[in-house]
1. Just to be sure I follow the definition: excluding the sites themselves, where is the longest run in the chain that has none of the GluC sites (Glu not before Pro) in a DSSP loop with at most 12 other Cβ atoms within 10 Å?
2. Kindly report, to the nearest 10 Å², the accessible surface of Asp126 as traced by a 1.4 Å probe over protein heavy atoms only.
3. Got the relative contact order for the chain handy, in percent, Cα pairs under 8 Å and 6 or more residues apart?
4. If R0 is 35 Å, what FRET efficiency do you get for Glu74 and Asp165 from their C-beta distance, rounded to 0.05?
5. When the chain is fully extended, how far beyond the present Cα-Cα distance does Glu58 get from Asp190, taking 0.36 nm per residue of separation?
6. How much accessible area per residue does the chain have, counting only protein heavy atoms and a probe of 1.4 Å, in square angstrom?
7. What is the percent carbon and sulfur in the accessible area of the chain, measuring with a 1.4 Å probe over the protein chains and ignoring ligands?
8. What distance in nm separates the simple spin-label points at Thr182 and Asp213, each placed 7 Å from Cα in the Cβ direction?
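The values are calculated or read from the model by the stated rules, or taken from the named source; none is laboratory data. These numbers come from a predicted model, not from an experiment. For neighbour counting, all protein chains shown are included, and Cβ atoms are generated from backbone atoms with ideal geometry for every residue, glycine included. The accessibility values were calculated without ligands, DNA or RNA, using every heavy atom of the protein model including side chains. Shrake-Rupley method; radii C 1.70, N 1.55, O 1.52, S 1.80 Å.
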Amino acid sequence: MDFTAVATTAQHEPADVVIEVRPSSDLPGAGSPTSPVATITSAMHQGGPDPDPFISPEHRITYLLREIGWAPVETVVIGSPFAVVRETRFRAAVVNHEGSSTDSVQVRNDDGEVLAELAVSGTAADTLGLSGWTVLGTGGGGWPEDTIAIAPRDWKVVIEQAKADREVAQREAARRDSFWATCVREAILDGHTAKDLAEVAGVSVQRIYQIRDRRR
């Protein structure tokens, strides 16, 4: 199926641009229109009160399309349809780490860096949708067939999810660190030497004494 995008600008300052992607068969005059398969609304000029004058509107529209997983294959003309294709910079796959009883959806960029590991709730697509991602399809780009091609639907939601996961991990790390320190403290109070405990715990002798004395 072929797809077409149309970018329109709002008649106010600062100007916003609205980009909609639809099947090419859904252009005006081609029958009853359906909902766009992708859409984004953003400021035409990024950078606050002093935007970069060297960023053209066409370049900005291309950038915004890539943010939602699309790329133009024709010259971008504001107010007129132009052909677009799906562009996948992000992918997801269901993973299960050794020792874990639950599956997670792991999100990576095209450099292989992990952006998120999301506990599966319902289906992988459901989980991604709740965390700010849009599923574009499966496979493609030389990836395995069970790989899901995705694009960010809302970066704020993605970052909020990452922040929440980070806070959970930090709280759990703090709990585990407290357990470890208490074990060290009880062992030295039970007569074990600081040197022996430092070797086992992987810290300096000075740190063992700090733990014993509840310093830092």
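1. 1-73
2. 80
3. Once divided by the residue count of the chain, the mean separation gives 12 percent.
4. It comes to 0.30.
5. Roughly 40.4 nm would be gained on extension.
6. Per residue, the chain has an accessible area of 63 Å².
7. 53
8. Those two pseudo-labels are separated by 2.3 nm.
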